[in-house]
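Student: A single structure is presented below for examination.
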Amino acid sequence: LRAYLTEEKLSAAKKRLLLGEYGRAYSPEGLAASLGRARWWQGDERRAFDRIERIERVTLDDVRRAFERYVAPGPRARLYLRPRHVPLLVRLFGWLYPLFQR
């Protein structure tokens, strides 16, 4: 991540987020959605009004710290599941399921 994440990429990501926020700020539906999202996720609808400032304050070090804390830690694990019993029709024709799943 350190080689990938640059100041230019961070500014581009912030610009994309801010464009969406500016669009929501000027429509009644967008403002209502922002208020509801802030109330649901953060417990306070007033957080919807300072979201733009919070996005602008994010630094490259903040993103790196968040990545190191939430994404990078821990070894990766592989999990193998063995079914106890697979019905005969599933064993014979199970490969057809994705074709008729719609």
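Student: Return the residue satisfying two criteria in turn: it lies in segment 19-33 and is farther than 28 Å from T6 by Cα and open to solvent by less than 40 Å² (accessible area, probe 1.4 Å), and of such residues it is nearest to the chain's Cα centre (by Cα).
Tutor: This residue is G30.
Student: Scan segment 34-82 for residues that are touching a helix residue (DSSP H, G or I) at 6+ places or on another chain (Cβ under 7 Å), free of Cβ contacts under 8 Å to residues at least 40 places away in the same chain and open to solvent by less than 90 Å² (accessible area, probe 1.4 Å) and jot them down.
Tutor: S34, L35, A38, D44, E45, R47, A48, R51, I52
Student: Here's another thing I want to ask about it. Applying the selection to segment 1-18, what residues are in a loop (DSSP other than H, G, I, E, B) and either surrounded by 11 or more Cβ atoms within 10 Å (Cβ to Cβ) or not small (G, A, S) (or both)?
Tutor: Scanning segment 1-18 gives L1, R2, Y4, L5, T6.
Student: Tally time: how many residues in segment 45-102 are under 19 Å from the mean Cα position of the chain (by Cα), over 24 Å from G23 (Cβ atoms) and in a loop (DSSP other than H, G, I, E, B)?
Tutor: 3
Student: A further question follows. Tally time: how many residues in segment 23-38 are among the hydroxyl-bearing types (S, T, Y) and at pLDDT below 85?
Tutor: Adding up the residues that qualify gives 2.
Student: Using the structure shown, decide if W41 is of a type outside the set (D, E) and modelled with pLDDT of 85 or more.
Tutor: Answer is yes for this residue.
The values are calculated or read from the model by the stated rules, or taken from the named source; none is laboratory data. All values reported here derive from a predicted model rather than from experimental measurement. When we count neighbours, we look across all protein chains shown, and the Cβ atoms used for this are built from the backbone with ideal geometry, even at glycine. Just the protein is used for accessible areas: all its heavy atoms, side chains included, with ligands, DNA and RNA removed. Shrake-Rupley method; radii C 1.70, N 1.55, O 1.52, S 1.80 Å.
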